Amino acid sequence: VFSVHGSLFPMTEAEILLFYTVYYPLVCALVLFVSLPLLLGLLRLSGKVEEDETPVLAELFYYFSSGRLYRRALSLSFGGFWRMLCVVLAAAATCGATVYFFPGELLAGFLCGVAVLIEILVWLMLVLRRFATFAVAFYDKVPLREARAVARTLARFDRFGGLRFFFACLPRILLGLLTFGVYLLWDVLPRMGVAYFSYCKQLNDMIIRSEE
């Protein structure tokens, strides 16, 4: 929309600056307060399917049904958002530093790409260590602090479960991206959600059996 508007109605630098000053905060607010709670609703719907319950599409809006649930969703959303923001800022800082120290050199692009790839892999490993957090966070009567403690216990029992799950789903994710996200949203993410809750349930059952 902005590019079409700019081509039809040339904007001054001040207007462009004002647009981006308003646009990016609005996008971030939309992601934090609407998109991520809806994503949590999608995960909850997947959990219901895994439990062989009749899925109801209204589960997508479950976290908008009360103030307590919405605050819980925001707590999880802000946690995920800040982790994503950290890796984006780190990648931007790396590219900026590389261009500054190696101006106009082909080596700069190669070093920047390698450094960003390493940062993303490290970030992904740290995130996958908390792989089971979302599963236990859906027990609404359990405080998030206790839910995170249970998730850490699950993670210690199977340290590389998150990595195995991610690489098992990676071919489908790449195929979904090739279809411009249509197959990803229509098929891949719902299947990943059901498989995720199935994995966490089996892992929890294994821990219970080992303690008996």
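The values are calculated or read from the model by the stated rules, or taken from the named source; none is laboratory data. Treat the numbers as computed from the prediction; the structure is a model and nothing was measured. Heads up, the Cβs are rebuilt from the backbone with ideal geometry, glycines too, and the neighbour counts pull from every protein chain shown. Surface accessibility is based on the protein's heavy atoms, side chains included, excluding ligands, DNA and RNA. Shrake-Rupley method; radii C 1.70, N 1.55, O 1.52, S 1.80 Å.
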Taking R0 as 35 Å and r as the Cβ-Cβ distance between A149 and E13, the FRET efficiency 1/(1 + (r/R0)^6), rounded to the nearest 0.05, comes to 0.10
Once L124 and L107 are pulled to full extension, the length gained, defined as 0.36 nm per residue separation minus their Cα-Cα distance, is 3.6 nm
Expected field for M192, accessible surface area in Å² at 1.4 Å probe radius, rounded to 10, holds 40
Stokes-Einstein, Kirkwood over Cα pairs, the range 57-123, 10 °C, 1.306 mPa s; D in µm²/s equals 110
By accessible area (1.4 Å), largest first, F131, F61 order as F61, F131
To the nearest 0.05, the calculated FRET efficiency linking I173 and F61 through their beta-carbon distance, R0 being 30 Å, is 0.70
Quick calc, R159 & A29: beta-carbon distance into FRET formula, R0 25 Å, rounding 0.05, result 0.10
